[in-house]
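Report on the structure given below.
The values are calculated or read from the model by the stated rules, or taken from the named source; none is laboratory data. What you see is a predicted model, and the numbers here were worked out from it, not measured in a lab. We place every Cβ from the backbone using ideal geometry, glycine too, and count neighbours over all the protein chains shown.
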Amino acid sequence: MDEKDYEILLELYETKNITKVAHKLFLSQPALTKRLIRMEAELNCNLLVRSKKGVIFTPIGETIISYIKTIYKTTVEMKNHVNINKGFIGGTLNLGCSVNFSHYRLPGVLKAYTQLYPMVNINITTDQSKNLYKMLMNDEIPIAIVRGDFKWDEGKNLLFKEPMLVVCNEENKDKPLDSYPYINRSTDAGLSLELHKWLEENNLPGNTSKICLDNLICCMQMVRNGIGWCILPQICLDEFEGHTEKLCFKDGTPLERNTYVLYKNSYYELPQVQLFIKHLTDS
(Lines give C-alpha, C1' and ligand atoms only; values in the text may rest on other atoms or scores of the structure.)
Protein backbone atom coordinates (compact mmCIF):
# COMPACT_ATOMS: atom_id res chain seq x y z
CA MET A 1 0.00 0.00 0.00
CA ASP A 2 1.16 3.53 -0.73
CA GLU A 3 0.26 7.10 0.19
CA LYS A 4 -2.52 7.27 -2.43
CA ASP A 5 -4.08 4.10 -1.03
CA TYR A 6 -4.11 5.60 2.46
CA GLU A 7 -5.72 8.77 1.11
CA ILE A 8 -8.43 6.76 -0.68
CA LEU A 9 -9.34 4.79 2.45
CA LEU A 10 -9.44 7.91 4.63
CA GLU A 11 -11.67 9.76 2.14
CA LEU A 12 -13.98 6.74 1.83
CA TYR A 13 -14.19 6.49 5.60
CA GLU A 14 -15.35 10.12 5.74
CA THR A 15 -17.73 10.22 2.75
CA LYS A 16 -18.81 6.56 2.34
CA ASN A 17 -19.20 7.38 -1.37
CA ILE A 18 -16.95 5.93 -4.09
CA THR A 19 -18.13 8.38 -6.77
CA LYS A 20 -17.31 11.44 -4.65
CA VAL A 21 -13.91 10.10 -3.65
CA ALA A 22 -12.99 9.20 -7.23
CA HIS A 23 -13.95 12.72 -8.37
CA LYS A 24 -12.05 14.43 -5.56
CA LEU A 25 -8.88 12.39 -6.11
CA PHE A 26 -9.04 12.64 -9.92
CA LEU A 27 -9.48 8.89 -10.42
CA SER A 28 -11.96 6.95 -12.52
CA GLN A 29 -14.29 4.69 -10.54
CA PRO A 30 -12.84 1.54 -12.15
CA ALA A 31 -9.31 2.66 -11.23
CA LEU A 32 -10.35 3.32 -7.64
CA THR A 33 -12.13 -0.04 -7.42
CA LYS A 34 -9.01 -1.84 -8.73
CA ARG A 35 -6.91 -0.19 -6.04
CA LEU A 36 -9.38 -1.31 -3.37
CA ILE A 37 -9.29 -4.90 -4.65
CA ARG A 38 -5.47 -4.82 -4.64
CA MET A 39 -5.40 -3.46 -1.08
CA GLU A 40 -7.73 -6.19 0.15
CA ALA A 41 -5.61 -8.83 -1.59
CA GLU A 42 -2.45 -7.41 -0.01
CA LEU A 43 -3.99 -7.47 3.48
CA ASN A 44 -5.85 -10.74 2.80
CA CYS A 45 -9.15 -9.42 4.20
CA ASN A 46 -12.28 -7.52 3.17
CA LEU A 47 -12.06 -3.84 4.11
CA LEU A 48 -15.50 -2.65 2.99
CA VAL A 49 -18.75 -3.68 1.37
CA ARG A 50 -21.07 -1.72 -0.91
CA SER A 51 -24.67 -0.89 0.00
CA LYS A 52 -27.44 1.26 -1.47
CA LYS A 53 -26.37 4.07 0.86
CA GLY A 54 -22.67 3.84 -0.06
CA VAL A 55 -19.78 1.82 1.28
CA ILE A 56 -19.66 0.26 4.75
CA PHE A 57 -16.37 -0.62 6.40
CA THR A 58 -16.07 -4.13 7.79
CA PRO A 59 -15.08 -4.56 11.44
CA ILE A 60 -11.45 -5.20 10.44
CA GLY A 61 -11.63 -2.23 8.05
CA GLU A 62 -12.78 -0.03 10.94
CA THR A 63 -9.88 -1.12 13.13
CA ILE A 64 -7.13 -0.18 10.66
CA ILE A 65 -8.33 3.40 10.04
CA SER A 66 -6.52 4.77 13.10
CA TYR A 67 -3.27 3.17 11.86
CA ILE A 68 -3.78 4.58 8.37
CA LYS A 69 -4.37 8.10 9.76
CA THR A 70 -1.08 7.91 11.64
CA ILE A 71 0.86 6.50 8.69
CA TYR A 72 -0.58 9.02 6.24
CA LYS A 73 0.07 12.01 8.52
CA THR A 74 3.62 10.85 9.21
CA THR A 75 4.31 10.30 5.51
CA VAL A 76 3.10 13.80 4.58
CA GLU A 77 5.10 15.37 7.43
CA MET A 78 8.22 13.48 6.35
CA LYS A 79 7.89 14.67 2.74
CA ASN A 80 7.27 18.24 3.85
CA HIS A 81 10.34 18.08 6.10
CA VAL A 82 12.49 16.86 3.22
CA ASN A 83 11.13 19.53 0.88
CA ILE A 84 11.80 22.32 3.38
CA ASN A 85 15.38 21.27 3.78
CA LYS A 86 16.32 20.71 0.17
CA GLY A 87 14.62 23.74 -1.36
CA PHE A 88 12.42 21.63 -3.61
CA ILE A 89 8.96 23.10 -4.24
CA GLY A 90 6.66 20.12 -3.94
CA GLY A 91 4.76 18.38 -1.17
CA THR A 92 1.08 18.89 -0.42
CA LEU A 93 -1.06 22.00 -0.19
CA ASN A 94 -4.25 21.42 1.81
CA LEU A 95 -6.69 24.24 1.21
CA GLY A 96 -10.19 25.15 2.29
CA CYS A 97 -11.94 27.61 0.00
CA SER A 98 -15.30 29.39 0.05
CA VAL A 99 -17.78 28.26 -2.57
CA ASN A 100 -17.97 31.62 -4.34
CA PHE A 101 -14.19 32.18 -4.44
CA SER A 102 -13.78 28.60 -5.71
CA HIS A 103 -16.23 29.25 -8.51
CA TYR A 104 -15.15 32.72 -9.64
CA ARG A 105 -11.47 33.19 -8.72
CA LEU A 106 -9.71 29.98 -7.68
CA PRO A 107 -9.39 28.36 -11.15
CA GLY A 108 -7.35 31.32 -12.44
CA VAL A 109 -5.17 31.38 -9.32
CA LEU A 110 -4.49 27.63 -9.47
CA LYS A 111 -3.77 27.66 -13.19
CA ALA A 112 -0.92 30.14 -12.72
CA TYR A 113 0.32 28.51 -9.49
CA THR A 114 0.43 24.95 -10.88
CA GLN A 115 2.27 26.13 -13.98
CA LEU A 116 4.99 27.56 -11.74
CA TYR A 117 5.05 24.66 -9.25
CA PRO A 118 3.79 21.51 -11.00
CA MET A 119 5.14 19.13 -8.33
CA VAL A 120 2.82 20.43 -5.59
CA ASN A 121 -0.14 18.15 -4.79
CA ILE A 122 -3.23 20.23 -4.00
CA ASN A 123 -6.19 19.04 -1.93
CA ILE A 124 -9.15 21.44 -1.90
CA THR A 125 -12.20 21.47 0.35
CA THR A 126 -15.00 23.81 -0.76
CA ASP A 127 -17.66 24.93 1.71
CA GLN A 128 -19.38 27.93 3.21
CA SER A 129 -16.95 30.30 4.93
CA LYS A 130 -18.43 29.73 8.40
CA ASN A 131 -17.87 25.97 8.04
CA LEU A 132 -14.30 26.45 6.80
CA TYR A 133 -13.60 28.67 9.80
CA LYS A 134 -14.80 25.91 12.15
CA MET A 135 -12.62 23.38 10.31
CA LEU A 136 -9.62 25.68 10.67
CA MET A 137 -10.29 26.11 14.39
CA ASN A 138 -10.57 22.32 14.79
CA ASP A 139 -7.29 21.64 12.92
CA GLU A 140 -9.15 19.87 10.11
CA ILE A 141 -7.59 22.20 7.53
CA PRO A 142 -4.49 24.42 7.91
CA ILE A 143 -5.40 27.21 5.46
CA ALA A 144 -8.72 28.72 4.38
CA ILE A 145 -9.89 31.38 1.94
CA VAL A 146 -12.99 32.88 3.54
CA ARG A 147 -15.40 35.66 2.72
CA GLY A 148 -16.41 37.88 5.60
CA ASP A 149 -14.71 38.83 8.86
CA PHE A 150 -13.66 36.17 11.37
CA LYS A 151 -11.63 36.44 14.54
CA TRP A 152 -8.30 34.73 13.94
CA ASP A 153 -5.07 35.14 15.94
CA GLU A 154 -2.63 33.45 13.54
CA GLY A 155 -1.78 34.19 9.88
CA LYS A 156 -4.35 36.47 8.25
CA ASN A 157 -4.05 38.37 4.94
CA LEU A 158 -6.72 40.56 3.39
CA LEU A 159 -6.96 39.53 -0.27
CA PHE A 160 -9.39 42.17 -1.46
CA LYS A 161 -12.40 44.33 -0.66
CA GLU A 162 -15.25 44.37 -3.13
CA PRO A 163 -18.41 46.46 -3.33
CA MET A 164 -21.88 45.07 -2.81
CA LEU A 165 -24.26 46.19 -5.54
CA VAL A 166 -27.96 46.41 -6.26
CA VAL A 167 -28.50 44.30 -9.35
CA CYS A 168 -31.41 44.11 -11.79
CA ASN A 169 -31.90 43.55 -15.50
CA GLU A 170 -32.08 46.42 -17.99
CA GLU A 171 -35.86 46.15 -18.24
CA ASN A 172 -36.27 46.90 -14.53
CA LYS A 173 -33.50 49.48 -14.02
CA ASP A 174 -35.87 52.48 -13.81
CA LYS A 175 -38.39 50.80 -11.51
CA PRO A 176 -38.48 51.83 -7.83
CA LEU A 177 -37.08 48.97 -5.75
CA ASP A 178 -40.23 48.78 -3.65
CA SER A 179 -42.37 48.11 -6.73
CA TYR A 180 -41.13 44.58 -7.48
CA PRO A 181 -39.71 41.62 -5.54
CA TYR A 182 -36.48 41.64 -3.55
CA ILE A 183 -34.48 38.42 -4.06
CA ASN A 184 -32.80 37.63 -0.76
CA ARG A 185 -30.11 34.98 -0.27
CA SER A 186 -28.74 33.27 2.80
CA THR A 187 -25.23 34.40 3.78
CA ASP A 188 -23.07 34.72 6.89
CA ALA A 189 -24.29 36.60 9.94
CA GLY A 190 -21.96 39.59 9.49
CA LEU A 191 -23.06 40.36 5.95
CA SER A 192 -26.70 39.66 6.81
CA LEU A 193 -26.57 42.38 9.46
CA GLU A 194 -24.98 44.83 7.02
CA LEU A 195 -27.62 44.11 4.38
CA HIS A 196 -30.41 44.42 6.92
CA LYS A 197 -29.05 47.80 8.03
CA TRP A 198 -28.94 49.13 4.45
CA LEU A 199 -32.45 47.83 3.72
CA GLU A 200 -33.81 49.46 6.87
CA GLU A 201 -32.11 52.78 6.06
CA ASN A 202 -33.84 52.70 2.68
CA ASN A 203 -37.20 51.45 4.00
CA LEU A 204 -36.79 48.12 2.20
CA PRO A 205 -37.85 45.33 1.81
CA GLY A 206 -40.73 45.62 4.29
CA ASN A 207 -42.90 47.31 1.68
CA THR A 208 -42.09 44.90 -1.16
CA SER A 209 -42.48 41.16 -1.72
CA LYS A 210 -39.45 38.95 -1.07
CA ILE A 211 -38.04 35.77 -2.58
CA CYS A 212 -35.52 33.82 -0.48
CA LEU A 213 -32.83 31.60 -2.01
CA ASP A 214 -29.71 29.83 -0.75
CA ASN A 215 -27.66 30.01 -3.94
CA LEU A 216 -25.93 33.00 -5.55
CA ILE A 217 -26.12 31.58 -9.08
CA CYS A 218 -29.88 31.05 -8.73
CA CYS A 219 -30.20 34.68 -7.64
CA MET A 220 -28.38 35.77 -10.79
CA GLN A 221 -30.73 33.78 -13.00
CA MET A 222 -33.79 35.23 -11.26
CA VAL A 223 -32.46 38.73 -11.85
CA ARG A 224 -31.60 38.03 -15.50
CA ASN A 225 -35.19 36.88 -16.05
CA GLY A 226 -36.60 40.06 -14.51
CA ILE A 227 -38.23 38.33 -11.55
CA GLY A 228 -36.79 40.79 -9.05
CA TRP A 229 -33.74 42.70 -7.82
CA CYS A 230 -30.93 41.50 -5.61
CA ILE A 231 -27.85 42.66 -3.69
CA LEU A 232 -24.78 40.78 -4.90
CA PRO A 233 -20.98 41.00 -4.52
CA GLN A 234 -18.80 42.25 -7.35
CA ILE A 235 -17.03 38.85 -7.59
CA CYS A 236 -19.94 37.28 -9.46
CA LEU A 237 -20.74 40.15 -11.83
CA ASP A 238 -17.88 40.12 -14.35
CA GLU A 239 -20.13 38.77 -17.10
CA PHE A 240 -23.40 40.31 -15.92
CA GLU A 241 -24.98 42.55 -18.58
CA GLY A 242 -27.75 44.14 -16.55
CA HIS A 243 -27.88 47.21 -14.33
CA THR A 244 -25.72 47.51 -11.19
CA GLU A 245 -25.30 50.23 -8.58
CA LYS A 246 -22.81 50.38 -5.69
CA LEU A 247 -24.28 50.78 -2.22
CA CYS A 248 -23.45 53.13 0.64
CA PHE A 249 -24.95 53.61 4.07
CA LYS A 250 -26.54 56.92 5.06
CA ASP A 251 -23.21 58.16 6.46
CA GLY A 252 -21.44 57.53 3.14
CA THR A 253 -19.64 54.35 4.21
CA PRO A 254 -19.53 51.89 1.30
CA LEU A 255 -21.14 48.48 1.76
CA GLU A 256 -18.28 46.09 1.01
CA ARG A 257 -17.33 42.42 1.29
CA ASN A 258 -13.88 41.32 2.54
CA THR A 259 -12.06 38.17 1.46
CA TYR A 260 -9.19 36.80 3.59
CA VAL A 261 -6.75 33.94 3.59
CA LEU A 262 -6.38 32.50 7.11
CA TYR A 263 -3.68 30.00 7.98
CA LYS A 264 -1.83 28.25 10.77
CA ASN A 265 1.55 29.86 11.43
CA SER A 266 3.30 26.48 11.56
CA TYR A 267 1.88 25.57 8.14
CA TYR A 268 3.32 28.77 6.67
CA GLU A 269 6.81 27.35 7.18
CA LEU A 270 6.26 25.10 4.17
CA PRO A 271 7.64 26.71 0.99
CA GLN A 272 4.70 25.64 -1.18
CA VAL A 273 2.36 27.37 1.28
CA GLN A 274 4.41 30.58 1.43
CA LEU A 275 4.48 30.73 -2.36
CA PHE A 276 0.75 30.04 -2.66
CA ILE A 277 -0.16 32.80 -0.21
CA LYS A 278 2.24 35.20 -1.95
CA HIS A 279 0.63 34.25 -5.26
CA LEU A 280 -2.83 34.92 -3.79
CA THR A 281 -1.93 38.31 -2.36
CA ASP A 282 -0.12 39.41 -5.53
CA SER A 283 -2.96 38.36 -7.87
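Picking from residues in the stretch 28-42 that are of a type in the set (A, V, I, L, M, F, W, C) and in contact with a helix residue (DSSP H, G or I) (Cβ under 8 Å, 6 or more places away or on another chain), the one that is nearest to Thr126 (Cα to Cα) is Leu32. Among the residues of the stretch 177-195, is any modelled with pLDDT of 90 or more, in contact with a strand residue (DSSP E or B) (Cβ under 8 Å, 6 or more places away or on another chain), of a type in the set (Gly, Ala, Ser) and over 23 Å from Pro254 (Cβ atoms)? No, there is no match, as no residue in the stretch 177-195 is modelled with pLDDT of 90 or more, in contact with a strand residue (DSSP E or B) (Cβ under 8 Å, 6 or more places away or on another chain), of a type in the set (Gly, Ala, Ser) and over 23 Å from Pro254 (Cβ atoms).
Restricting the stretch 47-71 to residues that are modelled with pLDDT of 90 or more, of a type outside the set (Val, Ile, Thr) and closer than 19 Å to Glu7 by Cβ, which is nearest to the chain's Cα centre (by Cα)? Ranking the candidates gives Lys69 first.
Is it the case that some residue within the stretch 31-46 is touching a Ser or Thr at 6+ places or on another chain (Cβ under 8 Å) and modelled with pLDDT under 90? No; the residues of the stretch 31-46 include none that is touching a Ser or Thr at 6+ places or on another chain (Cβ under 8 Å) and modelled with pLDDT under 90. Are any of the residues in the stretch 204-214 within 18 Å of the chain's Cα centre (by Cα) and under 24 Å from Pro107 (Cβ atoms)? Yes, some residue in the stretch 204-214 is within 18 Å of the chain's Cα centre (by Cα) and under 24 Å from Pro107 (Cβ atoms).
For the structure I just gave you, tell me whether Lys69 is closer than 22 Å to Ala144 by Cβ and out of contact with any His (no Cβ under 7 Å at 6 or more places or on another chain).
On the way: closer than 22 Å to Ala144 by Cβ: yes; out of contact with any His (no Cβ under 7 Å at 6 or more places or on another chain): yes.
Spelling it out, Lys69 is indeed closer than 22 Å to Ala144 by Cβ and out of contact with any His (no Cβ under 7 Å at 6 or more places or on another chain).
In the stretch 1-33, the residue that is surrounded by the most Cβ atoms within 10 Å (Cβ to Cβ) out of those that are part of a helix (DSSP H, G or I) and among the hydroxyl-bearing types (Ser, Thr, Tyr) is Tyr6. Restricted to the stretch 80-95, and to residues there that are among the small types (Gly, Ala, Ser) and at pLDDT 70 or above, the residue that is nearest to Glu7 (Cα to Cα) is Gly91.
Evaluate the following for Pro181: is it loosely packed, with under 13 Cβ neighbours inside 10 Å, assigned by TED's automatic domain parsing to the domain that holds Lys246 and either out of contact with any Pro (no Cβ under 7 Å at 6 or more places or on another chain) or free of Cβ contacts under 8 Å to residues at least 12 places away in the same chain (or both)? Answer is no for this residue. Please specify each residue of the stretch 245-267 satisfying the condition of being surrounded by fewer than 15 Cβ atoms within 10 Å (Cβ to Cβ) and not hydrophobic (A, V, I, L, M, F, W, C). Correct list: Glu245, Lys246, Lys250, Asp251, Gly252, Thr253, Pro254, Asn265, Ser266. Every condition in (1) of a type outside the set (Asp, Glu); (2) out of contact with any helix residue (DSSP H, G or I) (no Cβ under 6 Å at 6 or more places or on another chain); (3) more than 23 Å from Ile141 (Cβ to Cβ) is met by Lys16 except one, and the failing one is (3).
Quick grid of which residues meet (1) surrounded by 14 or more Cβ atoms within 10 Å (Cβ to Cβ); (2) out of contact with any helix residue (DSSP H, G or I) (no Cβ under 9 Å at 6 or more places or on another chain); (3) at pLDDT 90 or above; (4) under 22 Å from Leu237 (Cβ atoms):
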{"site": "Gly108", "(1), (2), (3), (4)": "no, yes, yes, yes"}
{"site": "Tyr113", "(1), (2), (3), (4)": "yes, no, yes, no"}
{"site": "Ile122", "(1), (2), (3), (4)": "yes, no, yes, no"}
{"site": "Thr126", "(1), (2), (3), (4)": "yes, no, yes, yes"}
{"site": "Leu132", "(1), (2), (3), (4)": "yes, yes, yes, no"}
{"site": "Met135", "(1), (2), (3), (4)": "yes, yes, yes, no"}
{"site": "Val146", "(1), (2), (3), (4)": "yes, no, yes, yes"}
{"site": "Asp153", "(1), (2), (3), (4)": "no, yes, yes, no"}
